[in-house]
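Participant: Quick one: this structure, given as structure tokens, is what I'll be asking you about.
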Amino acid sequence: MALNYISIGQKIKAIRKRRGLSQLTLSELIGRSPTYVSYIECGTKSMSLDTFILLVNALNTTADELLIDNLENTIKVTNHQFATLISDCSDYERRILLDVTMSTKKSLRENRQYMRTR
């Protein structure tokens, strides 16, 4: 299975923006050029493992989060993402999100027959 560099790049870009970093700042943190960071975010260029680790550390994220679309076992990553998503919610918001999630899950399972197959 080949790595999906476009997906990895999109995740890097999203996390960089969420952290309020420019490409220039990120490039300085990892010792690479802003152009190279742009290429990585677009999926135009692949990166070395060293660069990948530098990015993970600079973005204060995990390798799993960047690679989630390339992994087969993503339960821990998704659990972490769900926990992060609701970490700043009030009890009321958590109850509503749980209700919406349970209703969505029920609907997905009831309407599975309408799902397209590739």
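Participant: State to the nearest 20 debye the size of the charge dipole of the chain about its Cα centre, where the only charges are +1 on K and R beta carbons and -1 on D and E beta carbons. Intermediate results must be reported in sequence, preceding the final value.
Facilitator: Numbers: 17 positive and 12 negative charges, 83 e Å.
The calculation lands at about 400 debye.
Participant: What number, in percent, do you get for the relative contact order of the chain if the mean sequence gap of Cα pairs under 8 Å and at least 6 apart is divided by its residue count?
Facilitator: On the way: 68 pairs, mean separation 28.2, N = 118.
Averaging sequence separation for qualifying contacts and normalising by length gives 24 percent for the chain.
Participant: What are the trypsin sites (Lys or Arg not before Pro) within region 77-117 that DSSP puts in a loop, where the Cβ has at most 13 other Cβ atoms within 10 Å? Each step should come with its number before you reach the end.
Facilitator: Numbers: sites: Arg94, Arg95, Lys105, Lys106, Arg109, Arg112, Arg116; in loops: Arg116.
Of the trypsin sites (Lys or Arg not before Pro), the ones in loops of region 77-117 whose Cβ has at most 13 other Cβ atoms within 10 Å are Arg116.
Participant: Using Cα atoms only, what is the angle between the long axis of helix 91-110 and the major principal axis of the chain, expressed in degrees (0 to 90) to the nearest 10?
Facilitator: Roughly 80 degrees between the two axes.
Participant: Kindly identify region 5-62 as rounded, prolate or oblate by the Cα gyration tensor criterion: order the square roots of the eigenvalues as a ≥ b ≥ c, call it rounded if a/c is under 1.5, otherwise compare a/b with b/c, prolate if a/b is larger, else oblate. Before the final figure, lay out each step's value.
Facilitator: Numbers: a/c = 1.19, a/b = 1.13, b/c = 1.06.
Verdict is rounded for region 5-62.
Participant: Across the Cα atoms of region 75-114, what radius of gyration and what greatest pairwise Cα-Cα distance (Dmax) are found, in Å?
Facilitator: Reported Rg and Dmax, both Å: 12.4, 36.
Participant: Follow-up. With bins 10 Å wide starting at 0, give me the P(r) of the chain over every alpha carbon pair, in whole percents.
Facilitator: So the P(r) values, bin by bin, are 12, 34, 28, 19, 7, 0.
Bear in mind these aren't lab numbers, they're just calculated from the coordinates by the rules spelled out. Predicted model only: the values in this text are computed from it and were never measured. We place every Cβ from the backbone using ideal geometry, glycine too, and count neighbours over all the protein chains shown.
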